[in-house]
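Structure, as structure tokens:
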Amino acid sequence: MYKSYKQLNLPEIDQEILQFWENEKIFDRSIQERDPEKTYVFYEGPPSANGLPGIHHVMARAIKDIFCRFHTLQGERVDRKGGWDTHGLPIELSVEKELGITKDDIGKKISVDEYNQKCRETVMRYKDIWDDLTRKMGYWVDLDNPYITYENSYIESVWFLLQRLHRKGLMYKGYTIQPFSPAAGTGLSSHELNMPGAYKEIRDTSAVAQFKVKDTDNEYIVAWTTTPWTLPSNTALAVGKKIPYVKVSTFNRYTQEPIFVTLAKDRLNAYFSEAKPDMTAADAVPGNKPYPYIEIVAEMTGAELAGTRYEQLMPYVKPEGDAFRVIVGDFVSTEDGTGIVHIAPTFGADDMRVAKENDIPALLVKDEFDNPMPLVDRQGKFVAEVTDFAGRYVKDYGQKEDRPTDVDIVIKLKEENKLFHSEKYLHSYPHCWRTDRPVLYYPLDSWFVRASDYKERMSELNKTINWKPTSTGEGRFGKWLENLQDWNLSRSRFWGIPLPIWRTEDGKQELCIGSIPELTREVEKANKALGLNQEVPKDLHRPYIDDVVLVSEDGQAMKRELDLIDVWFDSGSMPYAQWGLDYEKLAAGDEQPFNAPFGQSYPANFIAEGVDQTRGWFYTLHAIAVMAYDTVSFKNVVSNGLVLDKNGQKMSKRLGNAADPFKTLEQYGADATRWYMMANSDPWDNLKFDLEGIEEVRRKLFGTLFNTYSFFTLYANIDKWQPQAGQSIPVADRPEIDRWVISKLNSLSKEVQEQFSAYEPTRACRAVERFVDEHLSNWYVRLCRRRFWKGEMNADKQAAYETLYECLVTTAQLMSPVAPFFSDWLYRNLTEGVKDDAKKEGSRLQFDSVHLSLLEPANESLIDLGLEERMDYAQRISSLVLSIRKKDMIRVRQPLQKILLPVLDAGFERQVEEVKDLILAEVNVKEIAYLRDDEEGFLKKRIKPNFKTLGKRLGKNMKAAAQAINQFNQDDIAALEKSGTYTLVVGDENFELTMEDFEITTEDIPGWKVATDGSLTVALDLTLTDLLEDEGMARELVNRIQNIRKDKNFEVMDRITVVISEDPTIARAVTNFGDLIKGEVLADELSIGTPNGGEAIELPGELQATIEVNKRS
RNA sequence: GCUUGUGUAGCGUAAUUGGUUAACGCAUCCGUCUGAUACGCGGAAGAUUGGUGGUUCGAUUCCAUCCACAAGCACCA
């Protein structure tokens, strides 16, 4: 017996199947039972269990799950090691928030030890919730043996990779400009700068300073800045190579002295009102108002201007090198300012870069340890050397001063005839999210990976990766690689992987450690040399590792560089670090000394994450693989889009529009949710997540399939039908419609397998939807219903059962990657009773779960495109007939005599003839007649040019040709059809056209009711004879009696007796079609008489009658 | 600001890669069928394919430009 259910309950199925999977260890078996030689490698990008999972995680993980399951289905072995990302800023932040401390307090209020302990506890806080989601959504990943990035074995593997890069000379310590918060005393990551609210609109004092050209009396180059405090550090001016500049004569508005100023021609109007040759000093007014200039005395391009030397603006400190030159910068624009940019290499990233390119020195002083430092210290104060402003904060850091330093600098410039213009300027400027104080761009020491050295190689190898969608790989990722900068590895934090570099005091000797054994050796060496008694710490994190002192070759003590590494390096190392180091291989000098099964699991066949990982995980995986081993680390990558709310807004807790993944799964089930996400749109498009869409999927796909299954079980249980090996009817011997649906099924199987192989889940899902709804349920089952419930078991019935059964089993397999629960439920219900036998025979029904089954390639020999075509005709012709009936209000139960079909071509008639019976039964018509063209002029035809074939040949004559062809009359068309060729004359050119250059359709059959669909035309004979009317009435009676049976809750197989009240029309119908009625409603007796009670019914023609239906005892 | 992507009926998506009635589903309205299916079927209404220009005999499709949305990267004088 097949299990039958009252109604579909997907969440209940989830529960049941989950239990089953766990009890029978199905996930484990789905890996263990596969050939270890045939692997499909998948990498799990580690989530952080520090935050709660959202609905977008369901999306991302559904994608991962689908392709892993699909490849399992194809017989491959897909190991799926889970992982946890345990380091990083968000974790530190949540710990600090909880403890109510700031970074400053670490080491003071709380020891680093305690702090890190707290991080370690916090990081797995939501692990249980994550595991719960993983389980409930049906994501199969190994959670029992995950890699965890804070474990020693992981850390030392990362060290090994770092050491490998170090040995290749790819790591260096350098000075770069980074966002820095003086108030908090820490550098900030771009992540922190992009926190909401970090950029604020503020009003700054801006200045246009006058830089005096060397060896002139009063010629100046003017440059604008919104940060006057950087002016003492100026060492160059940048211009645009092709930008035109002008030198104009005028007066200084503050000193009234005559001056010449150079600025971009495009910016002239920003500072001057007009040319006024008779201008006097009195015309130069203070304030913001532009005033005139006398005249343009010279014009030049930036390229010509470059090389000009000028005097230092604020000569507090002398530079070491060739400074104070005009140089060319690619970033210079004329959008605002003067088109000339003031360069202070210590306080701007562009500045530093362009200065380096032009050998411009930075302005530096020596700190107390004789190390170079900029003119502003780490607290944001000017150094002593900047005498006028020494000790003053450059920005507002809570000091109580009369005036901001910027204003005093401007005043000083004004007095010295060095200021051309000043005004308050409103702009957005980054602030430290913690202290709310402005950020400075400040040069900091950092460790870098020379990623830019591998720029070309990374691009090259990237081209071998299959990106979904390609635009992300070529565009977003490709462009990023083209402009690759060195990777800043340093993070001055506490909870993360420590940089394994030890240096001597002078920084001249350094050692990069690549494993715990190596560290042990070095510690022993140091102990001996320095007389210490150190041990390798049990935990490689700070602060323990900071205490380790190593020794250089010449006996100097070496201390660890205090930085941690960027957490992105952690996750990018997972292909190697998830397995840990194999010390034997390491000792043997293996270049890839990682534990098994590293060799079989590198590189990955497939990874998937959100697009936001393009420059995150996708990049770090790629960069590390290319730099360390000159390979790709993944061959296929799917980057999914965002999950937005149904209005296209980003989901956020704040807006309250975030969908709760648990509620969604609980209410709709995992399968409907997953299916909706895949079928609705390509996963790389943003998804407008709408619960109604899930409901629709539940109804249309799962509901339909459930009903199809219910239908099958209803009759299969009555007939006690089960598939039996060796007894099945060869497909070739089955009826047309069976062969058709089997053909469709194999076409589907082919399509679905192709699409999944090509990482196109949406296309695969839509193909399944179409098959289930349009073909299986609403054509095959609908037309075959009678075969299941009519009569005794015979070959035809047997064929019907087998066909439907095969369709259901294959469909379960095909949909199983996306809908793992329902498909398993379906597969198991179908195979439960036959599994034992199937095991003996080794058939595909033998498996304990659909996820252990093997999906065979589509059987192409069963695909019959001709058959599919004629069934398509049948569907369309039926639909057309029904539409004519509808138009003329003739109900389907009323039989009609004849359908008339104009013959399109010889093949058409043959095709339709094969499916004639199906059409006639479906639309309740007695016969089909074909109209050939013998009777000229009977059919009214329409002709259209075939643009596809003609367009190429005719080119611009196409328009004239189309016009000529559209004007063909019926005789022209007939002549063309007879000869098969036509000579088209356009202008003085002749074109020989053949039949395929035209599309001829039948437009009308005079005297008949006609409907058309594309090239198909159907006419219907609406004449009603008495006999037809009687049969129509008989069918009405069948319908009423069936309804009564149903109302009375009779069993499907119950026999009945029927008495109908007297009426001449009814009597005639009963006389002529009594046997038909009896057969349909399973009546042993049918009579006209006086019903004893019974049901009152209405019949067409406003006929009233009473029918008495009784069960036969 | 730069880069990338998206824009088709109220909503969600198609369109054989440049070929002529722009398709499907949901929702709405009207009608209808059913002994698996409150499901199906039939019909109606609903679109200047974001705007403008261009290439072409022909553009939803190619190009340019603008607009809107989203993301990424910058944010700097």
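The table below lists the values:
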{"read-out": "Ratio of the Cα radius of gyration of the stretch A:227-281 to 2.2 N^0.38 Å, where N counts its residues", "value": "1.35"}
{"read-out": "Accessible area per residue, Å², chain A with all protein chains present, probe 1.4 Å", "value": "45"}
{"read-out": "Relative contact order, percent, chain A [alpha-carbon distance under 8 Å, six or more residues apart]", "value": "11"}
{"read-out": "Angstrom value of the Kirkwood radius, inverse mean 1/r, which spans all Cα pairs in the stretch A:781-925", "value": "18.4"}
{"read-out": "Pairs from A:LYS898/A:LYS1009; A:LYS64/A:LYS663; A:LYS1078/A:LYS1111; A:LYS790/A:LYS916 whose Cα-Cα separation, in the structure shown, is over 18 Å", "value": "A:LYS64/A:LYS663; A:LYS790/A:LYS916"}
{"read-out": "Cα-based convex hull volume of the stretch A:409-528 per residue, rounded to whole Å³", "value": "307"}
{"read-out": "Ordering of A:555-562, A:510-517, A:40-47, A:589-596 by burial proxy (mean other Cβ atoms within 10 Å per residue, highest first)", "value": "A:40-47, A:510-517, A:555-562, A:589-596"}
{"read-out": "Antiparallel content of DSSP bridges confined to the stretch A:890-1021, in %, to 5", "value": "75"}
{"read-out": "Computed over the stretch A:114-170, Kirkwood Rh from alpha-carbon pairs, angstrom", "value": "14.0"}
{"read-out": "Net charge contributed by nearby residues that have their C-beta within less than 9 Å of A:GLN1104 (K/R +1, D/E -1)", "value": "-3"}
{"read-out": "Span from the the stretch A:1009-1070 Cα centroid across to the the stretch A:455-510 one, whole angstrom", "value": "76"}
{"read-out": "Angle in degrees between helix A:405-415 and the longest Cα principal axis of chain A, rounded to the nearest 10", "value": "50"}
{"read-out": "Listed peptides A:1090-1103, A:567-580, A:236-249 by packing density, highest first (mean Cβ within 10 Å)", "value": "A:567-580, A:236-249, A:1090-1103"}
{"read-out": "Distance in nm between pseudo-label sites at A:VAL297 and A:ILE31 (7 Å out along the Cβ direction from Cα)", "value": "8.0"}
{"read-out": "Added length on full extension, which subtracts the Cα-Cα distance from 0.36 nm per residue, A:ARG125 to A:GLU992", "value": "304.2 nm"}
{"read-out": "Mean residue ellipticity (222 nm) of chain A, computed from DSSP H runs ≥ 4 via -39,500 (n - 2.57), nearest 500", "value": "-11000 deg cm²/dmol"}
{"read-out": "Length released on extending from A:LYS289 to A:LYS959, taking residue separation times 0.36 nm less the Cα-Cα span", "value": "234.9 nm"}
{"read-out": "Heavy-atom accessible surface of chain A: percent carbon and sulfur, 1.4 Å", "value": "46"}
{"read-out": "Set of lysines with alpha-carbon distance to A:LYS948 below 21 Å, sequence-local pairs under 8 removed", "value": "A:LYS956, A:LYS959"}
{"read-out": "Base-10 log of normalised Debye intensity for the stretch A:367-467 (one unit scatterer per alpha-carbon) at q = 0.13 Å⁻¹", "value": "-0.71"}
{"read-out": "Heavy-atom accessible area ranking, 1.4 Å probe, most first, across A:LYS1009, A:LYS978", "value": "A:LYS978, A:LYS1009"}
{"read-out": "Alpha-carbon Debye profile of the stretch A:1026-1111, log10 I(q)/I(0) at 0.18, 0.20 Å⁻¹", "value": "-0.68, -0.85"}
{"read-out": "Calculated P(r) of chain A - Cα pairs past 52 Å, %", "value": "47"}
{"read-out": "Distribution of pairwise C-alpha distances over the stretch A:756-817, 10 Å bins, in %", "value": "20, 43, 24, 11, 2"}
{"read-out": "Distant-in-sequence amide H partners of A:LEU687 (H built 1.01 Å from N, under 5 Å)", "value": "A:LEU642, A:VAL643, A:LEU644"}
{"read-out": "Highest average packing first - A:797-808, A:221-232, A:496-507, Cβ atoms within 10 Å", "value": "A:221-232, A:797-808, A:496-507"}
{"read-out": "Estimated distance in nm for a label pair at A:LYS940 and A:ILE101, the labels positioned 7 Å out from Cα along Cα-to-Cβ", "value": "9.1"}
{"read-out": "37 °C / 0.692 mPa s Stokes-Einstein diffusion coefficient of the stretch A:890-1021, Kirkwood radius on C-alpha pairs, µm²/s", "value": "198"}
{"read-out": "Partner lysines for A:LYS265 [C-alpha distance under 16 Å; skip if fewer than 8 residues away on the same chain]", "value": "A:LYS241, A:LYS242, A:LYS247"}
{"read-out": "Stokes-Einstein D in µm²/s, Kirkwood radius over Cα pairs - the stretch A:213-362 at 10 °C with 1.306 mPa s viscosity", "value": "101"}
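The values are calculated or read from the model by the stated rules, or taken from the named source; none is laboratory data. These figures come from a predicted structure and were not determined experimentally. Cβ atoms come from the backbone with ideal geometry, glycine included; neighbour counts cover every protein chain shown. Side chains included, ligands, DNA and RNA excluded: accessible areas come from the protein's heavy atoms. Shrake-Rupley method; radii C 1.70, N 1.55, O 1.52, S 1.80 Å.
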